[in-house]
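Trainee: Pasting a structure here, questions to come.
The values are calculated or read from the model by the stated rules, or taken from the named source; none is laboratory data. Since the model is a prediction, treat every value here as computed from it, not as a measurement. A quick note on method: Cβ atoms are made from the backbone with ideal geometry, for glycine too, and the neighbour counts reach across all protein chains shown.
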Amino acid sequence: MIFHSKSANKADTELHTGYKMALPLAQYHTMRLQVCLAKALLVFCASLGTVGCIVSAFSLEINMPLIAICLFLFSMLLAFLHYNHTFFNLVYPVIFFVFSYAILKYRVYVNSGFQGIMNVIREKYRDYFVLSYSRQTSEAISNRYLTMTIAFVFLGFFLALMINIAISNYMSTFFTIVMTFPFLQFGLYIDALPGPLYLFLLLFSYVAAALLKRSGHFMLSENRRKDKPYTLKKSVHSYKGNGLLMLQLCGVCFAICLFLTGLTYPIMQSHFLETDEVSKPKEVTDHYIKLLVQNGFYSFFNRYQATGGMSDGRLGGISSVSSDQETDLTVTFVPTSTDTVYLKGFTGERYTQDAWLAPDYDETELREQLGGEAFYRYTMFSSQIEANRVAQFRSIRPDIALQGKMMIEKKDIRDNHIYVPYFTQNSEQLPVAIDHSVRNKQSDLTTTYSLSYFPLVKDYLGMTSPYYKQIVAIKAANAEEYDYENYFDMYQKVYYKTVPQSCKKALKTATDSIGSAESIPELVEKIQTYFSSNYHYSLSPGATPPDQDFVSYFLEEQGEGFCVHFASAGTMLLRAYGIPARYCEGYVIKLSNLADATLLDTEDVTDWLSGTPRMQNSGVVTVELPDANAHAWTEVYLEGFGWYPVDFTPPSLNADEAEENESIFASLFSGMFDGGQPDDGISKNTGDAAGAINESNLFLLIPTAFVLLLMLAIVLAVQFARRYKCYMAMKKACRTGNYSPLVSYQYARTLKALIRKKVPVSKQTLPSDVFEVLSSLLPSMQEELVQAYDILERALYGKAFTSKEKADLFVKQTNKACKQLKRNSMKN
Amino acid sequence: MRRFLSFATYGFVMLLLVLFALFFRQSFVVMLLVIMMVLPFASYHMTKHALGQLTIRMATPCTQTRKGETLPLSIVLESRSLFPLLDIHFTFQLASAYYHSAKPLSIVIGTGMFGSHALSVPVTYEHLGLFAASAYDFYTWDYLHFFRFDIAAKQSCEVAVFPPKCERMTVHEALYAEGFDEYETSEKRGNASSDVTDIREYIPGDRLQAIHWKLTAKTDKLMVKEFESTSSHQFVVLLELYKNPDNPLSLDAAITNAYQISMTLIMMNELFLFGFYNDALSDFCFYPITHEDQLTEALINAYYAPAYDTPSLGFDTYIGSDLKKGSLLHACEKGVFDDFSQQIC
C-alpha cells in the first residue's frame, strides 16, 4: 500500500513558478555489470587476502592457485547475484544447499584439514612460547596437502559468503575488518608476518570499502530505498551509483595500497623478527594463549589445570579434561596379569565440598596412646601392613604369590608425589618411607626410583577367593603388634567413615536405590552396576558450580563424569554404608598400554619378578604413561587385611573421544557429523577420532536447525503480518466509507504489474509520470486514464474521502489498462 | 554531523592503532600509524589538485523559447585531474521575477578522473517571462570528509519565454483610427529624402535602397540606414505589466495580447512603438518596432521590468502624462484596447 503525505497540489506549485522541471534520476541502470564486477573483486581480495595471510604466515603447503581460482569464481557468482533481484532470490538458497551438501560430502577431508591446520598453528605457537607440549588432534587423512587445501577452500567460501553480504549490500568496512582481521592476528601475534601480496589484498579491500562507502558510488537502484524522486519536501538530489566513478575509485585505492605496501613491507620485514620487550597486557594474553595452546578452549572454563596428571584432590573445577599426549611416567616392570596396575600417588581422607584432603592425623593422640618408641614401631607396622601380609602369604604359597621389582621415572610431571603400585614394601631404595599415605611425602629431587612390590592379583582377594581368608588370618606375630592391629582397625573405622551433611541426602537416595548387600564385595559390585546403569563416562561433564557439593551435584544433577566423579561418589557411598573408604589418585597401566610397551630383551625376567605370572610370554617391558592414564579410584578397608583398591569408573566409549571433543570448536561444521570412511582409499592415521561419530556434537545440530527454522518462520510471519495489517487497515477504512486506501492499494498493484511488463516506470516514478507513460502507450484510453489519474490524485492528496463509485471506477480503468497493455504486447 | 562522524571514526581507528602499538610493540603497527597520519594530508592535496583542474559551466541550447516548449538546462562539470572528486555540492535555482520562486535545489554530483558529468534538466516553460537559472554555492569535501573546499564558481543563464507563434489577429475596425488612410502610402518608414536617424545592421526584409554601401564595404557587414518617419501617425502598443494576485495568468495574457497585436502590426507592415511602464524607474520605455527581432528585444527589456500590482497603472500613467506618441493600443489581460477603452481585439 502506498501512503503519501498530503502535500500541496503540485499543479498549483507549477503554476506559481511558471515552469515544470523534472530532475532526472541518476542512471543507475547503466554500468550495473561494472559495479558488480568491482564488488566481486573486493570480495575476492578480502577473502583471498585472509586465507593467504594464514597460509603464508605459517608456511602451510597447500595448492594456493587452486584456492585463488575457486575463490575468484565464487566471488564473481556471489557479487553478480545482486545484479538482478530475481536472480538473487533464486540463486542464494541454491548456493546455501550446495554449500551444505559439499560440507556433508567432504566432511572427512574438511575435518581432517582443519585438524591439520590447527595442529600446525599449535606447533608454531608452541615453538614461539617454548612450551614443552601442546595439544594435538588426530587427523583422519594423512595427506595434509590435500586436506588443508580442501579446508581452505571451504574456509574461503564461507568468508566470501559473509564478506559479500557486508560489501555488496552495505559496503561496510567495519564488518569486513571484523570478519577478516582476526585471522590476520593468528600470525601477527607470534611475529609471523604474512606475505606482502596478501597484506596488500587485505589493505586494498579495507581502503576501497571505506572510500566507496564514503562516496556512495556503489549502490544499485534496488538498494536505494531512501531515495525518492523530486518532491516538494525533498530538496537534495544525490547522483550516486556511478559505476565508472566506482571503478576509478577502486583504481585509486589500488595504486595507493600498492604504494604503501611496497613502501612499508620491507621495513616491516626487517624489524619484525627483532625480539622487542613484551608489554604487560601481552604478557597476560600470552598466559591465556599458552593455556589455549596446551589445554584447549575448554581450559578457560577450568578453575585449575586439567592436564599434566592429577589434581591433588581438587574437585569440580574442571569443565573438560584434555590430554596433552606427553609421557608423564615411564614404568619398567614385568606384567603379571591383564589386570590394571594402579600406581597411587595421592590419598584423600577428608571430603569437603570441593576437595579431598590428604590425611593429616594428629600424631599427638597416637603418641599419647602408644608413647615414644611404641609410636615409632606402630608407624613401621602400619606403613606396609598389606604388603607384609601378602609377603607372609607368599612365604606360605609361593606358587601363587608374586614379588616384583618396578622402576619408575617421572618424565613430564612436576609434582612431588611418589607413585607406587599395590602392594609396595618399604625399602632403602625408595626416596621416602611409604606409610599408608597418612601424609604425602615430599620428593622434589627424585625423578627415578625403584621399588619392590607384591603385585595385586585379583584372585588374591578376589572377594571370593579362599586365599583371602588365609591372608586375613595372618595376624601379627606377637601380642604387641596385635594391639597395634586393633588400634589400626579402630583408627581406620573412625577416620574413614565420615560423611558431611551436604551430601547425605543424595547418598540416601542412591543407597535406597542400590539396596543392601551381604558382603563388601557384593556391595562394591552393586555400586558398580548402579553407576554403569545410571551414569555415563564423559571427559567434558562441565564444572561443578562453586556453591554446590561435588558428590551431590554429580549424583543428582550431572549424571556424567570422569574417574574423579565416580571415585568420589563411590567412596562416599561406601562410607554411607558404614564401610571405611578413601579416595586415591595416581596412574594406571592398562592392557592397551602394554600393547604399546617396549620389550627389554636384554633384561632377565627373573631379576624383575619372582613367581609365575598369570600372563604367558611376559617379559620386562617399559611402558610410557601419558596424562591420559591419570586416574582416580577408591580404596576400601577390609578388616584384617587393610586397604584394597576398587574402581567404580565405568568404561569409556572410545579412548580417543577426549581428542574428538576438542575438535568441536575447530571444526564446527564437519565435526558435527559422522566422519565415515573416505572413498578414495587414502590411508588414514591410526587414530580414528575424526571419523568417529561425535555424539556429544549432535546436541549442537538440533538447536541450530531449530534456531534457523525459527528465524525463517519469524521472517515469513513478519512479512505476512505486514501485508495482513495493511489489508485489514484498508478494509477498515472501506467500512467507514473511505475508499482512498483502496485506490492507493490498486495503484500499487498496477505499478507492480507495469514494472513486470517492462513498462519504463519504477517505484520512484511520480504517479503523474506513470499515467503519462500509460497514456502514450494506450492512446485510445487517454480520457479514461486522465479520469483515473484525477481520482488517484484526489485520493492521495485530497482531504475528502474517495467514494465507492470512484474507487470502483479507478479499479476498473486500471485493470482495463493492464489488460490492454498485455494484449498489445502479445500482438507485438 | 557527517564531518564529526568522520573525525570520530578516524580518531577511533587511530586509538585502536595506538593500543595495538602499545600491545604488540612491533614496527608494523607504527607503520600503520604513520600511514594513518599521512592520509589526511594526502587526501587534502589530492582533492585540492583535482579542484584546480575542475571547470564548471552552465549551458542551454537556446536563450529564447516559446511558451510550452521544453529546453534542457545543462550543468557540466569537467575535470582534467587524475583524482576523482567524490561529491560536488551546489545549489541550483530557476526563477522568474514574475512568479513565485521555487525552493532552491541542492544537488550532489561526482566526477571521475579526466571525465565530465553533465546534469541535464529538461525544463518546460509554462508561462511567459524571463527565467534565470543559476548554480551557486559550489563546494566539495576531500576523500576523508575532513576538509571542505569552497569553489568560487557561480554560473547563470537566462531564458526568455515568448508567446507561441500566432496567426494575424482579426482586429476591430476601430484600429483604423482617424488620420490613417488605408489608401495613403504609409510613410512611416521614411523615404530617401528623409533624414537618417540611425544606422544599423541589415535585417532580412529591409529595403535594398536603405543599404549603406560605403559602411558595408568598410565593415564587411550589411548596414542599413534608418530614416526619419514622415508620417505623423503611429501606433503605440502599451504592455500592461499588471500581475493580478488572484489570477496568476493575467500577466501571461497581457504579454500574449501585446505580442499578438505587435506581430499583427508587423505583418501589416506598420511601424509602431512598443512600450511599457517601468515601475522601478517610474518611467516609460518605448521601442520602435519594424521587425520581429526588434519586438523580441523590446519584450526582453520588458521582462526585466518588474510587474506591479496596481491594475492599469501603465495606462493610467500614460493617459495622465503628456506622452502622446500615437494611437494607443493598450494590451492587458482582457485584451487590446484603444485609448477610448474600446476593445480592438
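Trainee: List the residue pairs whose Cβ atoms are under 8 Å apart, where the first residue sits in the range B:88-111 and is more than 7 Å from chain A (Cβ to nearest Cβ) and closer than 27 Å to B:Phe149 by Cα, the second is of a type in the set (D, E, K, R) and part of a strand (DSSP E or B), and the two are 6 or more positions apart or on different chains.
Mentor: Between residues of the range B:88-111 that are more than 7 Å from chain A (Cβ to nearest Cβ) and closer than 27 Å to B:Phe149 by Cα and residues that are of a type in the set (D, E, K, R) and part of a strand (DSSP E or B), the close pairs are B:His89/B:Asp137; B:Phe90/B:Asp137; B:Thr91/B:Asp137; B:Thr111/B:Glu78.
Trainee: Just name the residue that is farthest from B:Phe28 (Cα to Cα) out of those in the range A:172-185 that are more than 10 Å from chain B (Cβ to nearest Cβ) and touching a helix residue (DSSP H, G or I) at 6+ places or on another chain (Cβ under 6 Å).
Mentor: Applying the filter and picking the extreme gives A:Ser172.
Trainee: Additional query: How many residues are in a helix (DSSP H, G or I) and under 17 Å from A:Asn824 (Cα atoms) if we restrict to the range A:754-770?
Mentor: 3
Trainee: Can you pull out every residue in the range A:52-91 that is hydroxyl-bearing (Ser, Thr, Tyr) and in a helix (DSSP H, G or I)?
Mentor: Hits for the range A:52-91 are A:Ser56, A:Ser75, A:Tyr83, A:Thr86.
Trainee: Further, regarding this structure: What pairs come out if I take residues in the range A:204-216 that are away from every other protein chain (no Cβ under 11 Å) and pair them with residues that are outside any helix (DSSP H, G or I) whose C-beta lies under 7 Å away, six or more apart or interchain?
Mentor: Every condition considered, the pairs that remain are A:Ala209/A:Met171.
Trainee: Taking the range A:517-560, which residues are under 20 Å from A:Leu357 (Cβ atoms), within 26 Å of the chain's Cα centre (by Cα) and modelled with pLDDT of 90 or more?
Mentor: A:Phe550, A:Tyr553, A:Phe554 - these are the residues of the range A:517-560 that are under 20 Å from A:Leu357 (Cβ atoms), within 26 Å of the chain's Cα centre (by Cα) and modelled with pLDDT of 90 or more.
Trainee: Which members of the range A:559-578 meet the condition of being out of contact with any strand residue (DSSP E or B) (no Cβ under 9 Å at 6 or more places or on another chain) and either buried (at least 22 other Cβ atoms within 10 Å of the Cβ) or not in a loop (DSSP other than H, G, I, E, B) (or both)?
Mentor: Hit for the range A:559-578 is A:Ala576, nothing else.
Trainee: Evaluate the following for A:Tyr109: is it modelled with pLDDT of 85 or more, within 19 Å of A:Phe183 (Cα to Cα), part of a helix (DSSP H, G or I) and in contact with a Leu (Cβ under 8 Å, 6 or more places away or on another chain)?
Mentor: no
Trainee: Continuing with this model, one more query. Does the range A:117-130 contain any residue that is of a type outside the set (Phe, Trp, Tyr), assigned to a loop (DSSP other than H, G, I, E, B) and surrounded by 16 or more Cβ atoms within 10 Å (Cβ to Cβ)?
Mentor: no
Trainee: Let me ask you something else. For residues that are within 20 Å of A:Arg214 (Cβ to Cβ) and in contact with a helix residue (DSSP H, G or I) (Cβ under 8 Å, 6 or more places away or on another chain), tally how many sit in the range B:127-160.
Mentor: Selection size over the range B:127-160: 11.
Trainee: In addition: Six or more apart or on different chains, Cβ atoms under 9 Å: show the pairs whose first residue is in the range B:196-219 and without any contact (Cβ under 8 Å) to a residue 24 or more places away in the chain and whose second is surrounded by 14 or more Cβ atoms within 10 Å (Cβ to Cβ) and part of a helix (DSSP H, G or I).
Mentor: What qualifies is B:Tyr202/B:Ala210; B:Tyr202/B:Thr216.
Trainee: Of all residues in the range B:119-141, which are in a strand (DSSP E or B) and within 11 Å of chain A (Cβ to nearest Cβ)?
Mentor: Within the range B:119-141, B:Leu119, B:Ser120, B:Val121, B:Pro122, B:Val123, B:Thr124, B:Tyr125, B:Gly129, B:Leu130, B:Phe131, B:Ala133, B:Trp141 qualify.
Trainee: Something else now. Just checking, how many residues over the range A:757-772 are out of contact with any helix residue (DSSP H, G or I) (no Cβ under 8 Å at 6 or more places or on another chain) and within 14 Å of A:Ala817 (Cα to Cα)?
Mentor: 1
Trainee: So A:Ser762 passes all but one of these: (1) within 56 Å of the chain's Cα centre (by Cα); (2) free of Cβ contacts under 8 Å to residues at least 12 places away in the same chain. Which condition number does it fail?
Mentor: Every listed condition holds for A:Ser762 apart from (2).
Trainee: If you take the residues in the range A:785-823 that are surrounded by fewer than 13 Cβ atoms within 10 Å (Cβ to Cβ) and at pLDDT below 85, which one is farthest from A:Asn738 (Cα to Cα)?
Mentor: Filtering first and then ranking leaves A:Lys799.
Trainee: Condition test on B:Leu144, is it modelled with pLDDT of 80 or more, within 14 Å of another protein chain (Cβ to nearest Cβ) and not in a strand (DSSP E or B)?
Mentor: yes
Trainee: So for the range B:266-286 (the condition being within 16 Å of B:Val161 (Cβ to Cβ), β-branched (Val, Ile, Thr) and assigned to a helix (DSSP H, G or I)), does at least one residue qualify?
Mentor: Checked the range B:266-286: no residue is within 16 Å of B:Val161 (Cβ to Cβ), β-branched (Val, Ile, Thr) and assigned to a helix (DSSP H, G or I).
Trainee: Oh, and also: Which condition from (1) over 24 Å from A:Val321 (Cα atoms); (2) assigned to a helix (DSSP H, G or I); (3) in contact (Cβ under 8 Å) with a residue 60 or more places away in the chain is the one that A:Gln528 breaks?
Mentor: Going through the list (1) over 24 Å from A:Val321 (Cα atoms); (2) assigned to a helix (DSSP H, G or I); (3) in contact (Cβ under 8 Å) with a residue 60 or more places away in the chain, A:Gln528 breaks only (1).
Trainee: Give, as residue ranges, the strands (runs of 3 or more DSSP E) completely inside the range B:42-83 that count at least 2 residues that are surrounded by 15 or more Cβ atoms within 10 Å (Cβ to Cβ), touching a helix residue (DSSP H, G or I) at 6+ places or on another chain (Cβ under 6 Å) and at pLDDT 90 or above.
Mentor: Of the strands (runs of 3 or more DSSP E) lying wholly inside the range B:42-83, none has at least 2 residues that are surrounded by 15 or more Cβ atoms within 10 Å (Cβ to Cβ), touching a helix residue (DSSP H, G or I) at 6+ places or on another chain (Cβ under 6 Å) and at pLDDT 90 or above.
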